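S.K.: Take this structure first; my questions come after.
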Amino acid sequence: LKARGGWPPAVATLILLNEPDFFENSPKCTHDQASCRVRAVLSAMDGVLAAEKEAGVNGGRVKLTATWSFAMRTSIDGQVSGPGVFGFQDMVAAVADPKIAGYTPRTPLSELAAAFTHRWVHGLNTQAPWSFVNEMISKDYDRFLPTPWFIGEYGANGQPDVIIQKDLEAMTQAANSASSAFMGAILFQFQTAYEKGGSEMNFGLFSLGEQIGETGKVCDDAAPCAAWPVRCLHTSLPWLLGASGRRAAAVAAAWGGVALTGASGACPDASEVGMEPPHTAVATTRAATTREPRATAPPIAVPPPRRDGRAPLKGIAYGALPCTTHACGGQGLPSEDMLQAGYAAQWGPSGRDDLGAMRQLGANAVRLYHSFGLEIEEDHGAFLDHASAMGLGVLSGYHTENANHPGECPEYDCYDTWKRATLHGFKHGFQRGSEWHPAVSMLILLNEPDFFDNAPKCQPSGPWCHVKATLSALDGVLAAEEEAGVSAGHVKLTVTWSFAIKDSIDGKVTGPGIFGFQDVIAGVADPSLAHYQPRAPQHKLKEALRTRWVHGLNTQAPWSFVNEVISRDYAQFAPLPWFIGEYGGNGQPKEVIQADLEGMQSSAQETGSYFLGAAFFQFQTSYWKGGSEMNFGLFSLGTEKLGETGELCDKFNPRCRTWPVYCLDSHLSFLPGRLALRAHALADAWGGSVPSGVGFCSSRRLTETSATRLACQVDIERSIRPDVEARLRSGKFRDDLVRRTLSLIGSDSAAVHGPLSLHVLGDTIQDGRVYEDVQPPADA
């Protein structure tokens, strides 16, 4: 990396650190959080300058940078708040006064300042749309001039090719502007990161195909030397839906490049499909069917991300027991752990594919209730793999009733029970190397434990029962992670409280849900309030609360009411975020549910909001519960049998047996009118569509031969009328319109009975309006 007294000509920029703002969540960062990230960057820059001087290397044109996350943070000097720009200001402030980060440079301060002035480039990583990023950064960028800036990672997570191309073209245009400080962007990333799995599978330009050679010996101080297979590249990304998988084509079109086909290293067979992410094979049985395949969903409309880079949580609660009668007809309940391999006939891609249906509805998460604690000796990894492939984060719950079981949690000390359950989960698919499975985004330690206060086991009755259960469960999970060598990573922790009006254990807060928020804060600060003695050092509990905790609640109330009650006094709980673990929409028509969900998304995207989003309650009607619980499903069960589950059982249901798997139906015949359109409300709010085809009950198809005619009135200014008329009559416009229509509704949709045609009326277009009605061809 040295050439004739300087850096090699190919070296353009040195990226000293990538997203160092996440250092503040590291155990190593025990002092002021902002100073950790700033001291690291400042000292790294200092070290590089010293190395150049010692080796006689002229820095010359080689730039220096650090790429910050797009999280919403405040700069070390308190002068700037915003995504990415907090880090820009960090460097401005720290170079001017290194003591602000507790650092004393070895390089003379004048040389450090000169390097910053002449060589520094501000950088950030983002998955947000360019229009949003540009607005957030450019509106106040004058304070950072003349230092330029760039995007170190542009992810475009879940975006179709047309959006990616449009964003890249707009970035190029902005960078070419004479007055712009923006330099351009780096597309994240070249090849699919199979080794990471989960949502990281969304970002590659190319998948891998057949082996075409081997690397040499590759190694570093953390990996032993070994040769690895080299595989051909393919532009097909089969795990991404429709236009979202055409990432390479979008980049080539935006940058004036060409397709990979025929290039050295490209897979020789253009029809070859790239390697899909690995899935655990699960044996299932299916009844023969001639029903059409599920229609391919159009690309999900992705809302603008939060300013911390996260899209609003759009989850669906999943507890789809295969019963069609109350109490399962007295046959005993099947296991409630939906992740076990025996349920693959319901959630798996070769079964009913419930997870695929959630994705098509527009969801980005799935909430579970009994993932840990039922001690099932079956694989759970296949569920997590499929959820990951569908882009669904998994909110895994523990079996809450273990806390009330006579043989578990003595006096609500759940440390041993929750530790054992977590270690058991690690052995059955929840652990990947030294980390949680990448699909796992949150652990729900308990669901509505405030109802423990009235349980026979809670003597004397009081809030100490649910607070002790919460603290000890948290303590046990942290101990299990430590014993198994599993790092916390991105996995958050929570308890979902009821919306009952109660007092917090310390008497400081009264209100629905928020009593539990305060219970956790007070209990971690002083565990003796709940008569609990933690096994972990208290500072570890405090660190977990600070870096991993998310407040949660369940509710059936309208969003406007919930938002008012929680948000008006939420400053006392900041900066911890909160979410709705169950939004019921009980007895509400489609319009109200849709408006509530859209309102939640809007609130989750607001600047300064601590609200993350909601999980909708629930995927399938709970026939086995009966009564008012019948009000909540998105889908009912039909009479068409699709197959059978595997053997289902757990420690409370030891008699293993199979259960029938029935088709799903979005028609809820037991709910009146528009109260039954729950799936439609959710799909419309989340930019998805109501699934059909495989896994769903066969429905009546229209057989009339007459076509549906869609008319468009066009008002045209006289000066441009000839040009517009020529464009409307062109074959390209006709083909583009037909192709776009089919891409949105699906070419194999039951709605399409024949070819689509476009008719531009000849005479009437001359006065700028379409009046007449025409009959399309008989086969249209």
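S.K.: Counting pairs of Cα atoms in the stretch 149-199, how many percent are more than 15 Å apart?
M.R.: Working: 682 of 1275 pairs.
Everything past 15 Å amounts to 53 percent.
S.K.: At R0 = 25 Å, how high is the FRET efficiency between R106 and R546 if r is their beta carbon distance? Nearest 0.05 is fine.
M.R.: Numbers: r = 33 Å, r/R0 = 1.31.
Efficiency at R0 = 25 Å is approximately 0.15.
S.K.: Also, I was wondering about something else. Per residue, what accessible area does the stretch 1-82 have, given a 1.4 Å probe and all protein chains present, in Å²?
M.R.: Numbers: 4060 Å² over 82 residues.
Per-residue value: 49 Å².
S.K.: For S730 paired with S461, estimate the spin-label separation in nm (one decimal), with each label point 7 Å from Cα along the Cα-to-Cβ line.
M.R.: About 7.6 nm, to one decimal.
S.K.: What does the C-alpha gyration tensor say about the overall shape of the stretch 78-181? Classify as rounded when a/c is under 1.5, otherwise prolate if a/b is larger than b/c, or oblate.
M.R.: prolate
S.K.: Still on this model: Determine which aspartates and glutamates satisfy two conditions relative to K53: a Cα distance under 16 Å, and not lying fewer than 8 residues away in the same chain.
M.R.: The qualifying aspartates and glutamates are E111.
S.K.: Moving on. Give me the Debye-computed log₁₀ of I(q)/I(0) at q = 0.20, 0.21, 0.23 Å⁻¹ for the stretch 142-248, equal point scatterers on Cα only, no solvent, two decimals.
M.R.: -1.04, -1.08, -1.18
S.K.: Tell me the Rg and the Dmax, in Å, that the Cα atoms of the stretch 325-432 produce.
M.R.: 15.1, 45
S.K.: For a protection proxy built on the mean count of beta-carbon atoms within 10 angstrom, sort 381-389, 531-539 highest first, please. Provide the component values of the computation, followed by the final result.
M.R.: Working: 381-389: 24.7, 531-539: 14.0.
Highest mean packing first, the order is 381-389, 531-539.
S.K.: Next up: May I ask you to list, by number, the DSSP H helices of the chain whose Cα span along the axis is at least 24 Å and whose average Kyte-Doolittle hydropathy reaches 0.0 or more? Please list the in-between numbers first.
M.R.: Working: long enough: 33-55 (34 Å, 0.28); 464-484 (30 Å, 0.35).
Going by DSSP H runs, the hits are 33-55, 464-484.
S.K.: Follow-up. Which order do the peptides 545-553, 6-14 come out in when sorted by mean C-beta neighbours inside 10 angstrom, highest first? Before the final figure, lay out the partial values.
M.R.: On the way: 545-553: 21.3, 6-14: 13.4.
Ranking the peptides 545-553, 6-14 by packing returns 545-553, 6-14.
S.K.: For the stretch 86-168, what is the accessible area per residue in Å² when the probe is 1.4 Å? Intermediate values should be presented prior to the final figure.
M.R.: On the way: 3430 Å² over 83 residues.
Computed with neighbouring chains in place, this is 41 Å² per residue.
S.K.: While we're looking at this one, here's another question. Is there a quick way to get the dipole size of the stretch 435-578? I mean about its Cα centre, with the Cβ of Lys and Arg at +1 and of Asp and Glu at -1; what is the value in debye to the nearest 20? Let's see the in-between values first.
M.R.: On the way: 11 positive and 15 negative charges, 19 e Å.
The calculation lands at about 100 debye.
S.K.: Mean residue ellipticity at 222 nm from the helices of the chain, using -39,500 (n - 2.57) per DSSP H segment of n ≥ 4 over the full residue count, to the nearest 500 deg cm²/dmol?
M.R.: Details: 18 runs with 214 residues, N = 780.
Mean residue ellipticity at 222 nm (helix-derived): -8500 deg cm²/dmol.
S.K.: Stokes-Einstein D for the stretch 107-157 at 37 °C, 0.692 mPa s, Kirkwood Rh over Cα pairs, in µm²/s? Please report the intermediate quantities before stating the final value.
M.R.: Values: Rh = 12.5 Å.
My calculation gives 262 µm²/s for D.
S.K.: Among the lysines, select those whose C-alpha is under 17 Å from the C-alpha of K540, and discard any that sit fewer than 8 residues away in the same chain.
M.R.: Filter leaves K28, K419, K468, K492.
S.K.: Quick one: which of 733-745, 404-416, 65-77 comes out on top by average Cβ neighbours within 10 Å, and what's the full order, highest first? Numbers along the way, then the final one.
M.R.: Values: 733-745: 13.6, 404-416: 18.0, 65-77: 22.8.
Final packing ranking: 65-77, 404-416, 733-745.
S.K.: A follow-up question, please. So which cysteines in the chain don't have a second cysteine's C-beta under 4.7 Å from them?
M.R.: Within the chain, the cysteines lacking a partner Cβ under 4.7 Å are C712.
S.K.: Keeping the other protein chains in place, figure out the carbon and sulfur percent of the accessible area of the stretch 600-657, with a 1.4 Å probe.
M.R.: Numbers: 1090 of 2210 Å².
Of all accessible area on the stretch 600-657, carbon and sulfur atoms account for 49 percent.
S.K.: Using a 7 Å offset from the Cα along the Cα-to-Cβ direction at both K28 and R718, what is the distance between the two label points in nm, to one decimal?
M.R.: 7.4
S.K.: From the C-alpha gyration tensor of the stretch 552-698, pull out the three semi-axes of the equivalent ellipsoid (sqrt of 5λ each), sorted largest to smallest, in whole Å.
M.R.: Values: eigenvalues 208, 78, 38 Å².
Result for the stretch 552-698: semi-axes of 32, 20, 14 Å.
S.K.: Continuing with the same structure: Taking amide H atoms as placed 1.01 Å from N in the peptide plane, list the residues 5 or more away in sequence, or in a different chain, whose amide H sits under 5 Å from that of Q620.
M.R.: G319, L634, F635
S.K.: So, one more: At 1.4 Å probe size, with every protein chain present, just tell me what the per residue accessible area of the stretch 469-514 comes to in Å².
M.R.: Values: 1510 Å² over 46 residues.
Accessible surface, normalised per residue, equals 33 Å².
S.K.: Tell me, what % of the accessible area of the stretch 410-485 is carbon and sulfur with a 1.4 angstrom probe? Intermediate results must be reported in sequence, preceding the final value.
M.R.: Numbers: 1390 of 2740 Å².
Carbon and sulfur together cover 51 percent of it.
S.K.: Could you tell me, in Å, what Rg and Dmax come out for the Cα atoms of the stretch 209-268?
M.R.: Taking only Cα atoms of the stretch 209-268, I get Rg and Dmax of 15.3, 41 Å.
S.K.: From the Cα gyration tensor of the chain, with a ≥ b ≥ c the square roots of its eigenvalues, which class applies: rounded if a/c is under 1.5, or else prolate if a/b is larger than b/c, or else oblate?
M.R.: Values: a/c = 1.58, a/b = 1.03, b/c = 1.53.
Cα axes put the chain in the oblate bin.
S.K.: Using a Förster distance of 22 angstrom, determine the FRET efficiency expected from the C-beta separation of V162 and A711, and round it to 0.05. Don't skip to the answer; put the middle values down first.
M.R.: Working: r = 26 Å, r/R0 = 1.16.
Result of the calculation: an efficiency of 0.30.
S.K.: Between S138 and F670, what length comes free when the chain is fully extended (0.36 nm per residue of separation minus the Cα-Cα distance, one decimal in nm)?
M.R.: Details: separation 532, 0.36 × 532 = 191.52 nm, distance 5.37 nm.
Contour length minus the Cα-Cα distance gives 186.2 nm.
S.K.: Can I ask one more? Tell me which residues come under 5 Å, amide H to amide H, from T324 once H is placed; ignore anything under 5 positions away on its chain.
M.R.: For T324, no residues qualify.
S.K.: Which shape class, rounded, prolate or oblate, goes with the stretch 613-684 when its Cα gyration tensor gives a ≥ b ≥ c as root eigenvalues, a/c under 1.5 marks rounded, and past that a/b bigger than b/c marks prolate? Numbers along the way, then the final one.
M.R.: Numbers: a/c = 2.17, a/b = 1.76, b/c = 1.23.
Prolate, because a/c is 1.5 or more and a/b exceeds b/c.
S.K.: Further question: Quick check: residue separation of E210 and D526 times 0.36 nm, minus the Cα distance between them. What number comes out in nm? Before the final figure, lay out each step's value.
M.R.: Details: separation 316, 0.36 × 316 = 113.76 nm, distance 5.84 nm.
Using 0.36 nm per residue and subtracting the Cα-Cα distance, I get 107.9 nm.
S.K.: Return the aspartates and glutamates within reach of K625: Cα separation strictly under 13 angstrom, same-chain partners fewer than 8 residues apart disregarded; answer none if there are no such residues.
M.R.: Partners within reach: E336.
The values are calculated or read from the model by the stated rules, or taken from the named source; none is laboratory data. All figures in this text were calculated on a predicted structure; none of them were measured in a lab. Note: ideal-geometry Cβ built from the backbone for every residue, glycine included; neighbour counts use all protein chains shown. With ligands, DNA and RNA removed, areas are computed over all heavy atoms of the protein, side chains included. Shrake-Rupley method; radii C 1.70, N 1.55, O 1.52, S 1.80 Å.
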